[in-house]
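The values are calculated or read from the model by the stated rules, or taken from the named source; none is laboratory data. Computed from a predicted structure; not experimentally measured. Because the Cβ atoms are built from the backbone with ideal geometry, glycine has one as well, and the counts that use them run over all protein chains shown. What goes into the accessible areas is simple: the full protein's heavy atoms, side chains included, and nothing from ligands, DNA or RNA. Shrake-Rupley method; radii C 1.70, N 1.55, O 1.52, S 1.80 Å.
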Amino acid sequence: MDDIRLGVIGLGNRSDLADLAHQPGSGSLVAAACDRDRQLLARAEQRFGTQVRTAVDHHELLDAGLDGVMVLTPNHTHEEIGLDFLEAGVPVFLDKPMAITTEGCSRQPASTGPRCTWATTCGTCRSRWPCVN
(Lines give C-alpha, C1' and ligand atoms only; values in the text may rest on other atoms or scores of the structure.)
Protein backbone atom coordinates (compact mmCIF):
# COMPACT_ATOMS: atom_id res chain seq x y z
CA MET A 1 0.00 0.00 0.00
CA ASP A 2 1.28 3.46 -0.86
CA ASP A 3 1.09 6.04 1.91
CA ILE A 4 -1.02 9.12 1.33
CA ARG A 5 1.15 12.22 1.26
CA LEU A 6 0.05 14.89 3.71
CA GLY A 7 1.07 18.49 4.11
CA VAL A 8 1.02 20.27 7.46
CA ILE A 9 0.57 24.01 7.55
CA GLY A 10 1.50 25.23 11.03
CA LEU A 11 3.94 23.41 13.29
CA GLY A 12 2.99 25.07 16.57
CA ASN A 13 0.60 24.16 19.38
CA ARG A 14 -1.83 21.96 17.42
CA SER A 15 0.75 20.17 15.30
CA ASP A 16 0.61 17.11 17.54
CA LEU A 17 -2.19 16.08 15.15
CA ALA A 18 0.44 15.83 12.42
CA ASP A 19 2.55 13.55 14.58
CA LEU A 20 -0.45 11.23 14.93
CA ALA A 21 -1.04 11.26 11.17
CA HIS A 22 2.61 10.57 10.33
CA GLN A 23 2.63 6.76 10.04
CA PRO A 24 5.05 5.90 7.20
CA GLY A 25 4.42 2.43 5.83
CA SER A 26 1.05 2.26 7.58
CA GLY A 27 -1.01 4.50 5.35
CA SER A 28 0.10 8.12 5.68
CA LEU A 29 3.16 10.28 5.96
CA VAL A 30 3.89 13.95 6.31
CA ALA A 31 5.54 14.86 3.01
CA ALA A 32 5.52 18.64 3.42
CA ALA A 33 5.56 21.11 6.30
CA CYS A 34 5.10 24.85 6.41
CA ASP A 35 5.59 27.41 9.15
CA ARG A 36 6.74 31.02 9.27
CA ASP A 37 8.74 30.23 12.40
CA ARG A 38 12.04 29.00 11.02
CA GLN A 39 12.98 27.31 14.31
CA LEU A 40 9.87 25.13 14.19
CA LEU A 41 10.47 24.47 10.51
CA ALA A 42 14.06 23.41 11.18
CA ARG A 43 12.76 20.57 13.40
CA ALA A 44 10.41 19.22 10.70
CA GLU A 45 13.03 16.81 9.36
CA GLN A 46 13.55 15.35 12.85
CA ARG A 47 9.79 14.92 13.29
CA PHE A 48 8.85 13.66 9.84
CA GLY A 49 12.02 12.35 8.19
CA THR A 50 14.46 13.51 5.57
CA GLN A 51 11.89 13.31 2.75
CA VAL A 52 9.82 16.19 4.16
CA ARG A 53 9.66 19.28 1.94
CA THR A 54 9.64 22.51 3.93
CA ALA A 55 8.41 26.01 3.16
CA VAL A 56 7.81 29.28 5.00
CA ASP A 57 4.87 30.19 2.75
CA HIS A 58 2.00 27.77 2.09
CA HIS A 59 1.81 28.92 -1.54
CA GLU A 60 5.07 27.05 -2.15
CA LEU A 61 3.26 23.76 -1.44
CA LEU A 62 0.15 24.23 -3.61
CA ASP A 63 1.74 22.17 -6.39
CA ALA A 64 3.64 19.70 -4.18
CA GLY A 65 1.54 16.70 -5.22
CA LEU A 66 -0.05 16.31 -1.80
CA ASP A 67 -3.03 14.02 -1.24
CA GLY A 68 -4.30 16.25 1.56
CA VAL A 69 -3.30 19.06 3.87
CA MET A 70 -3.85 19.79 7.55
CA VAL A 71 -4.23 23.49 8.36
CA LEU A 72 -3.14 23.96 11.99
CA THR A 73 -2.38 27.66 11.96
CA PRO A 74 -3.83 30.56 14.01
CA ASN A 75 -7.59 30.94 13.55
CA HIS A 76 -7.53 34.11 11.44
CA THR A 77 -5.49 32.34 8.73
CA HIS A 78 -7.70 29.25 8.22
CA GLU A 79 -10.01 30.73 5.60
CA GLU A 80 -7.32 31.95 3.18
CA ILE A 81 -5.09 28.89 3.46
CA GLY A 82 -8.01 26.46 3.20
CA LEU A 83 -9.36 28.17 0.10
CA ASP A 84 -5.94 28.26 -1.55
CA PHE A 85 -5.53 24.49 -1.20
CA LEU A 86 -9.12 23.70 -2.18
CA GLU A 87 -8.76 25.78 -5.32
CA ALA A 88 -5.53 23.88 -6.06
CA GLY A 89 -7.52 20.62 -5.84
CA VAL A 90 -6.07 19.47 -2.51
CA PRO A 91 -8.44 18.05 0.15
CA VAL A 92 -8.25 20.05 3.39
CA PHE A 93 -8.55 19.37 7.12
CA LEU A 94 -9.05 22.67 8.91
CA ASP A 95 -8.51 22.91 12.62
CA LYS A 96 -11.48 24.74 14.10
CA PRO A 97 -12.74 27.27 13.20
CA MET A 98 -13.05 27.15 9.40
CA ALA A 99 -12.95 30.97 9.38
CA ILE A 100 -13.55 33.77 11.85
CA THR A 101 -16.79 34.95 10.22
CA THR A 102 -19.89 33.11 9.00
CA GLU A 103 -19.28 34.58 5.55
CA GLY A 104 -15.79 33.10 5.54
CA CYS A 105 -17.18 29.70 6.50
CA SER A 106 -19.64 29.91 3.62
CA ARG A 107 -16.83 30.59 1.17
CA GLN A 108 -15.10 27.27 1.96
CA PRO A 109 -17.72 24.97 0.37
CA ALA A 110 -18.46 27.55 -2.33
CA SER A 111 -14.87 27.41 -3.58
CA THR A 112 -14.95 26.37 -7.20
CA GLY A 113 -11.41 26.54 -8.48
CA PRO A 114 -10.60 24.73 -11.73
CA ARG A 115 -9.29 21.66 -9.91
CA CYS A 116 -11.40 21.98 -6.75
CA THR A 117 -12.67 18.61 -5.58
CA TRP A 118 -14.30 20.21 -2.56
CA ALA A 119 -13.15 17.88 0.14
CA THR A 120 -12.84 19.55 3.50
CA THR A 121 -13.46 18.75 7.12
CA CYS A 122 -13.21 20.83 10.25
CA GLY A 123 -11.82 19.41 13.48
CA THR A 124 -13.24 19.89 16.94
CA CYS A 125 -12.10 18.55 20.27
CA ARG A 126 -15.65 18.67 21.66
CA SER A 127 -17.31 16.25 19.26
CA ARG A 128 -18.14 13.81 22.06
CA TRP A 129 -19.77 16.34 24.40
CA PRO A 130 -23.46 15.42 25.02
CA CYS A 131 -24.61 18.93 24.00
CA VAL A 132 -22.92 18.54 20.59
CA ASN A 133 -24.44 15.15 19.78
Counting only residues 5 or more apart in sequence or on a different chain, those whose built amide H sits under 5 Å from that of residue 54 are 33
The simple spin-label model distance between residue 60 and residue 77, using points 7 Å out along Cα→Cβ, in nm, is 1.3 nm
Here region 43-51 yields Karplus 3J(HN,Hα) values (6.51, -1.76, 1.60; θ = phi - 60°; whole Hz; Gly and Pro given as x) of 8, 4, 5, 5, 6, 10, x, 6, 7
Surrounding charge for residue 73, neighbours by C-beta under 10 angstrom, Lys/Arg +1, Asp/Glu -1, total -1
Once phi for every residue in region 73-83 is put through the Karplus expression 6.51 cos²θ - 1.76 cosθ + 1.60 (θ = phi - 60°), the whole-Hz ³J(HN,Hα) values, with Gly and Pro written as x, are 9, x, 3, 5, 9, 4, 4, 4, 5, x, 5
Sequence order, region 19-33: Karplus ³J(HN,Hα) from phi using 6.51 cos²θ - 1.76 cosθ + 1.60, θ = phi - 60°, Hz rounded, Gly and Pro as x, gives 4, 5, 6, 7, 9, x, x, 10, x, 8, 8, 7, 9, 8, 9
On the accessible surface of region 19-72, probed at 1.4 Å with all protein chains in place, carbon and sulfur together account for a percent value of 44 percent
Under the 7 Å Cα-to-Cβ spin-label approximation, residue 37 and residue 51 lie apart by a distance in nanometres of 2.7 nm
With DSSP loop assignment and no more than 11 other C-beta atoms within 10 Å, the trypsin sites (Lys or Arg not before Pro) in region 1-50 are none
